[in-house]
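I am attaching a structure below and will ask some questions about it afterwards.
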Amino acid sequence: MRVFLDNDRTTKVLPEVAEVVVKYMTEKFARPDGLYESAQEIYDELEAAREFFAKSINASSGEEIIFTSGATEANNLALLGVARANKSKGNHIIISALEHGSVMKIADVLQKEGFEVTVVPVDHEGIIDLDFLEKSIKPTTILVSIIAIGHFVGSIMPLKEVSQILKRQDHRIYFHTDAAEMYAKFPIDVQELGIDLMSVSAHKFHGPKGVGFLYARKGVRLQPIMFGAESYDKRRPGGENVPGVMGMKKAAELAFEEMDQSLQRLRELQEYFINRVESEIEYVVLNGPRGEKRTPYNVNFSFSFIEGEAISLALSLEGVEVATGSACASETLEPNYAILAIGGDHERAHGSIRFTFNRFTTKEELDYTVDKLKKVVSWLRQISPIKPGR
Amino acid sequence: MRVFLDNDRTTKVLPEVAEVVVKYMTEKFARPDGLYESAQEIYDELEAAREFFAKSINASSGEEIIFTSGATEANNLALLGVARANKSKGNHIIISALEHGSVMKIADVLQKEGFEVTVVPVDHEGIIDLDFLEKSIKPTTILVSIIAIGHFVGSIMPLKEVSQILKRQDHRIYFHTDAAEMYAKFPIDVQELGIDLMSVSAHKFHGPKGVGFLYARKGVRLQPIMFGAESYDKRRPGGENVPGVMGMKKAAELAFEEMDQSLQRLRELQEYFINRVESEIEYVVLNGPRGEKRTPYNVNFSFSFIEGEAISLALSLEGVEVATGSACASETLEPNYAILAIGGDHERAHGSIRFTFNRFTTKEELDYTVDKLKKVVSWLRQISPIKPGR
Amino acid sequence: MLKYTELVLDHFKNPRNMGRMEDADVTATEGSIACGDMMTVYLKIENDRIVDIKFESYGCAANIATASMMTEVVKGMTIEEAKKITWKDIVERLGGLPQIKYHCSNLAVDTLKKAIEEYEKSLARK
Ligand SMILES: Cc1ncc(COP(=O)(O)O)c(C=O)c1O
Ligand SMILES: Cc1ncc(COP(=O)(O)O)c(C=O)c1O
Ligand code: FES
Ligand code: FES
């Protein structure tokens with residue numbers, strides 16, 4: 001049995017989605033800018049796709065959707081784009097301590113470009129400190145970027161509360177959220193949540209790799225990060241990835257159809273999984289919150305006395321594929337920043353394993369996973385010189 | 001019959017390529033950075049793909065290949081990347097008058113960032129003026145970007161002569177070429193041609209849209225245009241488009257297999273097509289060079305007394321899809337800059353039609369095209385108030 | 001990117017000489033939990049020869065596999081021979097390791113050396 005529980009990293013494309021991609025690669029292959037009929041058809045379909053994505057988040061118009069090569073590019077366009085285009089208004093930016101690595105890196109770059117960056121801490125459950133956020137706002141604050149679901153530990157961020165804080169200020173502050181792990185899993189209403197910019201990636205919800213979009217509310221000024229010839233969308237030039245966009249649309253349609261049932265079903269599975277692990281394996285700590293505050297797509301445990309790279313490798317030899325926050329598994333040999341941000345120490349990061357589900361994850365797969373996990377953990381603990389109580 | 005002769009804009013993906021894309025979407029869907037076996041397999045396959053592309057242009061190592069979302073991004077990374085990373089060495093850049101719109105636009109942006117840009121003119125055949133190029137070099141010149149095949153008019157640029165000029169200088173000047181219309185159609189040897197950076201796009205040779213690469217010779221300093229988390233290639237972060245890259249590889253393999261025969265066959269077809277048009281339609285001018293100096297994939301005619309948008313629309317109603325340089329077909333209502341650059345006037349741009357082939361283009365398709373063209377041109381000339389000799 | 005050889009994976013899956021030794025002549029521990037890797041080596045020595053060796057390891061797969069290989073290599077060696085063992089010998093026997101793992105694979109040989117030192121100190125005391 002092979003159980004893929006690294007769905008936060010990427011997901012498998014569904015056959016229905018692949019079919020659409022193939023159709024736009026091999027039949028409807030024109031680009032929207034030709035003068036002939038097949039091109040005009042593609043133009044109309046891209047427009048319809050933008051309308052679809054706009055509707056799916058209650059945006060007011062398809063023009064607010066900018067197709068990109070994924071969420072990393074969307075994050076770059078949002079943060080670099082807003083910061084560079086609005087620097088006459090201020091040079092202060094706020095992000096959270098649980099942003100995805102791309103936002104972290106972009107913030108570093110903006111700092112080098114002369115922007116001031118405040119990182120809002122999170123509590124031990126991975127929820128941002130709203131007071132701290134409010135107090136860090138200055139007259140020069142132009143942009144706040146808070147990830148929709150806390151990186152690695154699965155905490156659902158209080159996006160609405162953030163936007164309420166921003167709306168109370170005397171000046172306009174743009175609100176961006178990286179929703180790569182939320183879109184097509186949860187309902188999102190950008191009006192209700194007060195979101196101005198939002199990043200999405202198709203390969204996180206069974207869509208193709210290399211495509212995503214940025215939602216940018218009308219009126220938000222953005223400086224492009226790439227420049228090109230006259231094309232379908234001036235804010236993002238280049239040959240339009242029509243098969244990617246149409247595949248992403250199909251994937252989103254399928255996801256939205258099943259959204260409520262999936263959330264309900266996964267919530268139960270998640271509880272079941274957490275219960276089994278906590279009752280059948282000793283010395284484990286759940287990283288991140290429990291219940292409503294946690295996405296049902298994520299479970300994250302630290303196993304004491306053993307190391308995460310060894311755990312994940314041993315699990316993969318049993319057919320179970322997961323992620324770890326261990327320093328030993330990272331290129332930079334740094335322990336996972338998300339675990340440190342929620343107050344964990346190096347050891348807790350070291351033994352952390354992230355299990356991320358998709359909407360097709362089954363109870364059988366999770367049972368298999370727990371069985372293998374028990375085996376692997378007890379075996380590695382046998383090898384370890386560190387024993388409980390010593 | 002439907003005859004697609006706008007292959008410079010994009011091409012149809014081959015079934016063999018689509019098959020590969022589907023395999024990497026639905027089966028081998030992991031990303032290269034996981035710790036489990038399926039991820040490590042993908043890592044190896046991406047490495048092998050880089051080696052393949054490196055070999056295909058006689059580059060010295062796979063590390064010199066950076067996967068991008070297409071040639072527009074590759075051009076941005078090359079021009080913005082080299083200019084911004086090397087501005088301490090100089091601020092002068094040279095491009096040609098027949099660059100693709102993306103390079104033109106990027107050069108504008110660099111000018112706003114404080115760089116000085118020289119545009120090398122072309123002769124009436126669309127070949128760059130090497131003397132002018134050599135004379136415009138200054139001690140502050142850091143980058144020369146010359147498109148491999150002149151935009152719109154199909155002139156093959158003397159890349160080797162350009163690099164010889166650059167090598168004769170006292171200081172190092174990087175040489176970039178936008179080879180989107182040359183790669184996988186012609187043999188390219190970056191050592192022999194002295195190319196330091198080269199942009200490629202898969203959808204120009206029956207590969208997927210949304211993927212391409214930049215070749216960057218070892219030692220060339222580049223500042224990324226996007227920033228992100230630890231990933232497969234630091235110079236271009238973001239979820240790797242594995243299906244796109246593997247599809248591009250398949251498309252290139254197929255193209256390289258048939259390269260010589262295709263070039264030979266298309267050269268004959270091109271001559272046949274030009275001859276038929278010139279002998280059967282009056283008042284036509286071939287835009288761009290003849291013979292060896294022209295890519296066999298491009299034919300471009302101006303038809304006097306009539307306008308290109310009308311011609312191309314009328315042709316498309318007959319099933320023939322082409323491009324035009326008419327101002328009427330452009331968003332900005334500007335006549336095509338390539339026709340002006342080769343010394344044509346507004347009228348010539350107005351009546352210009354570009355026919356671009358792919359390696360599967362047949363004699364039957366071209367015969368059909370000439371027949372429809374004759375019909376359309378004579379009909380539009382009947383309508384036109386401008387008559388020869390008046 | 002972590003890529004292990006078949007032999008490394010084999011030593012990881014089936015570590016040789018793994019576990020505690022209750023009647024060891026000498027025991028040494030190197031590394032720390034905070035640092036992220038830690039190892040204990042137990043030696044049984046007769047007539048200056050390592051007649052038995054066991055290890056325990058807290059760390060990644062490379063850490064475990066190098067420890068396992070190290071025990072296999074030195075078991076049966078004289079103390080003098082064992083002192084000449086280098087980290088490079090072990091890594092070569094494993095068919096190589098990813099470069100990023102070099103630092104932690106040192107630990108196996110370091111811990112062995114420390115155990116030998118302890119043993120020699122205890123002899124000197126006698
Ligand atoms: C010469 C040239 N450069 C760059 C591009 C842009 O390529 P892409 O569509 O991959 O961004 C094209 C095609 O539009 C082209 O023909
Ligand atoms: C929260 C979050 N943001 C951004 C990204 C990057 O997305 P992409 O792979 O589309 O660049 C990811 C996935 O890696 C993610 O999980
Ligand atoms: S124990 Fe940390 S890298 Fe091996
Ligand atoms: S992981 Fe810290 S030294 Fe090996």
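Give the carbon-plus-sulfur fraction of the accessible surface of segment A:259-390 in %, rounded to a whole number; probe 1.4 Å, heavy atoms of protein chains only.
Working: 2410 of 4850 Å².
That share works out to 50 percent.
Under 8 Å for C-alpha pairs, at least 6 residues apart: give me the relative contact order for segment A:115-220, rounded to a whole percent. Walk me through the numbers on the way to the answer.
Numbers: 143 pairs, mean separation 21.1, N = 106.
This gives 20 percent for segment A:115-220.
May I pose another question? Note down the nm distance, to one decimal, between modelled labels 7 Å out along Cα→Cβ at C:E72 and at C:K126.
About 3.1 nm, to one decimal.
I've got another one for you. Mind checking which of A:I127, B:I106, B:V377 is farthest towards the positive end of the protein assembly as shown's charge dipole, using Cβ charges of +1 (Lys, Arg) and -1 (Asp, Glu) about the Cα centre?
In the protein assembly as shown, that residue is B:I106.
I've got another one for you. Over chain C, with a Gaussian network built from C-alpha contacts below 10 Å, which listed residue (C:E22, C:E46, C:E30) shows the highest mean-square fluctuation?
C:E22
Between A:Q191 and B:R84, take the C-beta separation as r, use R0 = 45 Å, and let me know the FRET efficiency to the nearest 0.05.
Computed FRET efficiency for A:Q191 and B:R84 comes out at 0.70.
Continuing with the same structure: Dipole size in debye (nearest 20) for segment B:15-253 around its Cα centre, Lys and Arg Cβ +1, Asp and Glu Cβ -1? Intermediate results must be reported in sequence, preceding the final value.
Working: 27 positive and 33 negative charges, 125 e Å.
For this selection, approximately 600 debye.
Taking each residue in B:225-236, count the Cβ atoms of any other chain within 10 Å of its Cβ, then average. What number comes out?
On the way: counts 6, 15, 16, 13, 10, 6, 4, 1, 0, 2, 0, 2.
If you average over the peptide's residues, the count of other-chain Cβ atoms is 6.
How far, in degrees from 0 to 90, does helix A:308-317 lean away from the longest principal axis of the Cα atoms of chain A, to the nearest 10?
That works out to roughly 90 degrees.
Using only protein heavy atoms and a 1.4 Å probe, report how much of B:Y232 is accessible, in Å² to the nearest 10.
Answer for B:Y232: close to 40 Å² accessible.
Still on this structure: Mind listing the Cα extents of chain C along all three principal axes, in Å, largest one first?
Largest to smallest, the principal-axis extents are 50, 30, 23 Å.
Right, another one. Of all the accessible heavy-atom surface of segment A:1-101, with the other protein chains kept in place and a 1.4 Å probe, what percent is carbon and sulfur? Mind showing how you got there, number by number?
Values: 1620 of 3330 Å².
Roughly 49 percent of what the probe reaches on segment A:1-101 is carbon or sulfur.
Okay, moving on. Which residue fluctuates most in the GNM of chain B (Cα springs below 10 Å): B:A251, B:A229, B:A107?
In this elastic network of chain B, the residue with the biggest mean-square fluctuation among B:A251, B:A229, B:A107 is B:A229.
Taking only C-alpha pairs under 8 Å that are 6+ residues apart, what is the relative contact order of segment C:6-125 in percent? Could the numbers behind the result be given before it?
Values: 202 pairs, mean separation 35.6, N = 120.
It comes to 30 percent, rounded to a whole number.
Further question on the same structure: Can you classify segment A:1-105 as rounded, prolate or oblate using the Cα gyration tensor, where a ≥ b ≥ c are the square roots of its eigenvalues, rounded means a/c under 1.5, and otherwise it's prolate if a/b beats b/c and oblate if not?
On the way: a/c = 2.53, a/b = 1.27, b/c = 2.00.
Oblate, since a/c reaches 1.5 and b/c is not below a/b.
Counting only heavy atoms of protein chains, what accessible area per residue, in Å², does chain B have with a probe of 1.4 Å? Before the final figure, lay out each step's value.
Working: 14370 Å² over 390 residues.
For chain B, the solvent-accessible area averages 37 Å² per residue.
Place a +1 charge on the Cβ of each Lys and Arg in segment B:74-161 and a -1 charge on the Cβ of each Asp and Glu, then give the dipole magnitude about the Cα centre in debye, rounded to the nearest 20.
Using Cβ point charges on Lys, Arg, Asp and Glu, segment B:74-161 gives about 480 debye.
Right, next: Identify which of A:L98, A:L315, A:L77 has the largest mean-square fluctuation in a Gaussian network model of chain A, with springs joining Cα atoms closer than 10 Å.
Maximum among the listed residues: A:L315.
Could you work out how far apart the two model spin labels at B:T332 and A:L340 are, taking each label as a point 7 Å from the Cα in the direction of the beta carbon, and quote it in nm?
Here the answer is 4.8 nm between the modelled labels.
Let me ask something additional. What are the residues whose amide H is under 5 Å from the amide H of B:Y174, where those residues sit 5 or more places off or on another chain and H is modelled from the backbone?
Here B:L143, B:V144 satisfy the definition.
Along Cα-to-Cβ, 7 Å out, sits the label point; list in nm, shortest first, how far the one on B:D170 is from those in the other copies.
Listed shortest first, these distances are 5.8 nm.
In nm, one decimal, shortest first: how far is the label point of B:D131 (7 Å from Cα along Cα to beta carbon) from the matching points in the other copies?
Result, one decimal in nm: 7.8.
Given q = 0.06, 0.10 Å⁻¹, what are the Debye log10 I(q)/I(0) values for the protein assembly as shown, with equal point scatterers placed on the Cα positions and solvent ignored?
Once normalised to I(0) and log-transformed, intensities are -0.48, -1.13.
Further question on the same structure: Mind pulling the angle between the C-alpha long axis of helix B:242-257 and the longest principal axis of chain B? Nearest 10 degrees, somewhere in 0 to 90.
It is inclined by approximately 60 degrees.
Hey, can you grab everything whose amide H is under 5 Å from the amide H of A:A229? Only 5+ residues off in sequence or another chain; H modelled, so Pro and N-termini drop out.
Amide H neighbours of A:A229, under 5 Å, 5+ apart: A:G238, B:S102.
Could you work out the relative contact order of chain B, using alpha carbon pairs under 8 angstrom and six or more residues apart, expressed as a whole percent? Mind dumping the intermediate values first?
Working: 752 pairs, mean separation 83.9, N = 390.
It comes to 22 percent, rounded to a whole number.
While we're looking at this one, here's another question. On C-alpha positions alone, give me the angle between the axis of helix A:15-26 and the longest principal axis of chain A, in degrees, nearest 10.
40
I would also like to ask the following. Summing -39500 (n - 2.57) over the DSSP H runs of n ≥ 4 in chain C and dividing by its residue number, what mean residue ellipticity at 222 nm do you reach, to the nearest 500 deg cm²/dmol?
Working: 5 runs with 58 residues, N = 126.
My calculation for chain C gives -14000 deg cm²/dmol from helical runs alone.
If one computes the Cα centroid of segment B:78-134 and of segment C:1-73, what distance in Å separates the two points?
61
Estimate the FRET efficiency between A:D371 and B:M1 by the formula 1/(1 + (r/R0)^6), using the beta-carbon distance for r and 51 Å for R0, to the nearest 0.05. Provide the component values of the computation, followed by the final result.
Working: r = 62 Å, r/R0 = 1.21.
After rounding, the FRET efficiency stands at 0.25.
In what sequence, highest mean first, do C:62-72, B:124-134 appear when ranked by Cβ atoms within 10 angstrom?
On the way: C:62-72: 27.4, B:124-134: 17.8.
The peptides rank, most packed first, as C:62-72, B:124-134.
Positive end of the dipole of chain B, charges at C-beta (+1 Lys, Arg; -1 Asp, Glu), about the Cα centre: which of B:P187, B:S231, B:T72 has its Cα farthest in that direction?
Comparing the listed Cα positions along the dipole, B:T72 ranks first.
Quick one: length gained pulling A:K23 to A:Q40 fully straight, 0.36 nm per residue minus the C-alpha distance? Show your work: numbers first, answer last.
On the way: separation 17, 0.36 × 17 = 6.12 nm, distance 1.65 nm.
Full extension of this stretch gives 4.5 nm more.
Taking the Cα centroid of segment B:274-347 and of segment A:169-211, what is the distance between the two, rounded to the nearest whole Å?
Cα centroid of segment B:274-347 versus Cα centroid of segment A:169-211: 45 Å apart.
Suppose we look only past 14 Å in the calculated P(r) of segment A:133-213. What percent of the Cα-Cα pairs does that tail hold?
Values: 2025 of 3240 pairs.
Looking at segment A:133-213, the distances longer than 14 Å represent 62 percent of pairs.
May I pose another question? How would you classify chain B from its alpha-carbon gyration tensor, with a ≥ b ≥ c the square roots of the eigenvalues: rounded for a/c under 1.5, else prolate if a/b is greater than b/c, otherwise oblate? Don't jump to the answer; show the numbers that get you there.
Working: a/c = 2.08, a/b = 1.35, b/c = 1.55.
Judged from the Cα gyration tensor, chain B comes out oblate (a/c at least 1.5, b/c at or above a/b).
Hey, another quick one. Sort shortest first the distances from A:K87 to its counterpart in every other copy, using label points 7 Å along the Cα-to-beta-carbon line, and give them in nm.
0.9
Highest mean first, how do B:299-309, B:61-71, C:83-93 rank when packing is the count of other Cβ atoms within 10 Å averaged over residues?
Details: B:299-309: 22.4, B:61-71: 23.9, C:83-93: 15.1.
Ranking, from highest mean packing down: B:61-71, B:299-309, C:83-93.
Closest approach to the B-A rotation axis by any Cβ of B: residue and distance in angstrom?
It is B:S69, 2, counting Cβ atoms only.
Take the Cα of B:R221, step 7 Å along the line toward its Cβ, and report every residue of segment B:73-87 whose backbone nitrogen sits under 20 Å from that point.
Counting backbone N atoms under 20 Å from the label point, the list is B:76-87.
Quick one: putting +1 on the C-beta of Lys and Arg, -1 on the C-beta of Asp and Glu, what dipole do you get for the protein assembly as shown around its Cα centre, in Debye to the nearest 20? Present the calculation step by step, with values, prior to reporting the outcome.
Values: 110 positive and 132 negative charges, 257 e Å.
For this selection, approximately 1240 debye.
Follow-up. For segment B:105-116, just list the computed ³J(HN,Hα) in residue order, Karplus coefficients 6.51, -1.76 and 1.60, θ = phi - 60°, integers in Hz, with x standing in for Gly and Pro.
5, 5, 4, 4, 4, 5, 4, 5, 7, x, 8, 9
Three principal axis extents, largest first, for the C-alpha atoms of segment B:173-236, in Å?
Largest first, segment B:173-236 extends 36, 32, 16 Å along its Cα principal axes.
In terms of the Cα gyration tensor, with a ≥ b ≥ c the square roots of its eigenvalues, is segment B:292-390 rounded because a/c is under 1.5, prolate because a/b exceeds b/c, or oblate?
Details: a/c = 1.69, a/b = 1.17, b/c = 1.45.
Verdict is oblate for segment B:292-390.
Whose amide H sits under 5 Å from the amide H of C:M77, counting only residues 5 or more places off or on another chain, with H placed in the peptide plane?
For C:M77, the qualifying residues are C:I50.
From the phi of every residue in segment B:40-55, what ³J(HN,Hα) in whole Hz does the Karplus formula 6.51 cos²θ - 1.76 cosθ + 1.60 yield, where θ is phi - 60° and glycine or proline is x?
Karplus-based 3J(HN,Hα) across segment B:40-55 equals 5, 4, 5, 4, 4, 6, 5, 4, 5, 5, 4, 4, 4, 5, 4, 4 Hz.
Read phi for every residue in segment A:94-102 and hand back ³J(HN,Hα) as whole Hz from Karplus 6.51 cos²θ - 1.76 cosθ + 1.60, θ = phi - 60°, with x for Gly and Pro.
10, 10, 9, 6, 10, 5, 5, x, 5
Let me ask something else about it. What 222 nm value per residue comes from the helices of chain B, counting each DSSP H run with n ≥ 4 as -39,500 (n - 2.57) and dividing by all residues, nearest 500 deg cm²/dmol? Present the calculation step by step, with values, prior to reporting the outcome.
Working: 13 runs with 158 residues, N = 390.
-12500 deg cm²/dmol, from helical runs alone.
Could you order B:W379, A:W379 so the one with the most accessible surface comes first? Probe is 1.4 Å. Write out the running numbers ahead of the final one.
Working: B:W379 130, A:W379 55 Å².
Sorted descending by solvent-accessible area, the residues read B:W379, A:W379.
Rounded to the nearest 10 Å², what accessible area does B:F213 have for a 1.4 Å probe in the complete protein model?
Its heavy atoms expose roughly 0 Å² to the probe.
Can you give the FRET efficiency to the nearest 0.05 for C:D48 and C:R93, using r as the Cβ-Cβ distance and R₀ = 30 Å? Could you put the intermediate results ahead of the total?
Values: r = 23 Å, r/R0 = 0.78.
With R0 = 30 Å, the Cβ-Cβ based efficiency is 0.80.
Beyond 19 Å, what percent of the Cα pairs of segment B:80-137 remain?
Values: 540 of 1653 pairs.
Pairs farther apart than 19 Å: 33 percent.
The values are calculated or read from the model by the stated rules, or taken from the named source; none is laboratory data. Note that the structure is predicted; figures quoted are calculated from it, not measured. Because the Cβ atoms are built from the backbone with ideal geometry, glycine has one as well, and the counts that use them run over all protein chains shown. The protein model used for the area step is the full one, side chains on, heavy atoms only, and it has no ligands, DNA or RNA in it. Shrake-Rupley method; radii C 1.70, N 1.55, O 1.52, S 1.80 Å.
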